[in-house]
1. State whether one or more residues within the stretch 157-172 are of a type in the set (A, V, I, L, M, F, W, C), closer than 30 Å to residue 42 by Cα, open to solvent by less than 40 Å² (accessible area, probe 1.4 Å) and in a strand (DSSP E or B).
2. Name the residues in the stretch 140-156 that are charged (D, E, K, R) and assigned to a strand (DSSP E or B), would you?
3. Which ones in the stretch 37-53 are under 12 Å from residue 91 (Cβ atoms), of a type outside the set (Asp, Glu), assigned to a loop (DSSP other than H, G, I, E, B) and open to solvent by 20 Å² or more (accessible area, probe 1.4 Å)?
4. Only one of 153, 185, 144 is polar (S, T, N, Q), touching a residue at least 24 places away in the same chain (Cβ under 8 Å) and either farther than 18 Å from residue 56 by Cα or in contact with a helix residue (DSSP H, G or I) (Cβ under 9 Å, 6 or more places away or on another chain) (or both). Can you tell me which?
5. So how many residues does the stretch 174-189 have that are touching a Leu at 6+ places or on another chain (Cβ under 9 Å) and in a helix (DSSP H, G or I)?
6. Take the conditions among the hydrophobic types (A, V, I, L, M, F, W, C), open to solvent by 10 Å² or more (accessible area, probe 1.4 Å) and in a loop (DSSP other than H, G, I, E, B) and apply them to residue 137. Does it pass?
7. Which members of the stretch 181-195 meet the condition of being open to solvent by 40 Å² or more (accessible area, probe 1.4 Å) and within 22 Å of residue 129 (Cα to Cα)?
8. Would you check if residue 8 is basic (Lys, Arg), modelled with pLDDT of 95 or more and surrounded by 10 or more Cβ atoms within 10 Å (Cβ to Cβ)?
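The values are calculated or read from the model by the stated rules, or taken from the named source; none is laboratory data. Values in this document were obtained by computation on a predicted structure and should not be read as measured data. Here Cβ is always computed from backbone atoms with ideal geometry, including for glycine, and neighbour counts include all displayed protein chains. Accessible surface areas use protein heavy atoms only, side chains included; no ligands, DNA or RNA. Shrake-Rupley method; radii C 1.70, N 1.55, O 1.52, S 1.80 Å.
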Amino acid sequence: MTYEKIGRWLLAFAFIACASNLWAANSALDEAAQVLEQESGLKLRAYSTRDFGREEYSGARSVVVEEARAVPLLKSVRAHLPKGYVAFIGTQRSLAEPPVNGAEVVVGPGQSQFDILRIAASDAINYGKEAEDLIKVLQGWDHQIGIDIYAAQTDTIQLKLTSRPKDLKAFAEAVYKFCPDIVDQGTGSVDDLAKEIDAAQEVYLWWD
């Protein structure tokens, strides 16, 4: 057998192995996503969306429900989801043509909640921050006080605090530094942001 034939054989083998791995990954994802289908009673979409609903991402699965149903559905899906997968609320403001009305609930592979941002491709691009930059900050918050990321889309992340910050004002200052728009175009002051966080035990991050 010539070296050329050996090279072709190895290339063909690598292609088959890659295709086999991809099929196995998608099969496992579909099996995990059946939880979403069963809990929602809706037919799965073979993708989730990015870029305000305009880009289909085949590495996750989703359904679209009425906004009021999204949080309860997410809770029930997370209670039954196997290890190695994450669930979250995805696109809620669709700019697709035609637009999709409702909130997207997504299931995808992930070892931690921070993979949610990778699936959603969240960023703060107008501030020069990509998903990995956002993840680094949120990992710090999680280490300090504990957070639960439950919604992520292109320019928005919603998370619950699992404990109250010891210094609420300092935390609000850090949130403002990380995401100026929630004060400059939202609460109007860091003091009001601190009050809002304290009342809701949640943080709504949004970059214009």
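1. From the stretch 157-172, those of a type in the set (A, V, I, L, M, F, W, C) are 157, 159, 161, 168, 170-172; that's our starting set.
Imposing the further condition that a residue be closer than 30 Å to residue 42 by Cα reduces the set to 157, 159.
If we keep only those that are open to solvent by less than 40 Å² (accessible area, probe 1.4 Å) too, we end up with 157, 159.
Within this subset, residues satisfying the condition of being in a strand (DSSP E or B) are 157, 159.
Yes, the stretch 157-172 contains at least one residue that is of a type in the set (A, V, I, L, M, F, W, C), closer than 30 Å to residue 42 by Cα, open to solvent by less than 40 Å² (accessible area, probe 1.4 Å) and in a strand (DSSP E or B).
2. Going through the stretch 140-156, the residues charged (D, E, K, R) turn out to be 142, 148, 155.
Matches in the stretch 140-156: 148 only.
3. Residues satisfying the conditions are 47, 52.
4. Details: 185 fails: touching a residue at least 24 places away in the same chain (Cβ under 8 Å); 144 fails: touching a residue at least 24 places away in the same chain (Cβ under 8 Å).
Just a single option satisfies the conditions, and that option is 153.
5. Here is the first cut: in the stretch 174-189, the ones touching a Leu at 6+ places or on another chain (Cβ under 9 Å) are 175-176, 178-179, 181-183, 186-187.
In the following step, the residues that additionally are in a helix (DSSP H, G or I) were identified as 175-176, 178, 181-183, 186-187.
The number of residues fulfilling the criteria is 8.
6. Working: among the hydrophobic types (A, V, I, L, M, F, W, C): yes; open to solvent by 10 Å² or more (accessible area, probe 1.4 Å): yes; in a loop (DSSP other than H, G, I, E, B): no.
Taking the combined requirement at face value, the residue does not satisfy it.
7. Residues satisfying the conditions are 184, 185, 186.
8. Numbers: basic (Lys, Arg): yes; modelled with pLDDT of 95 or more: no; surrounded by 10 or more Cβ atoms within 10 Å (Cβ to Cβ): yes.
Answer is no for this residue.
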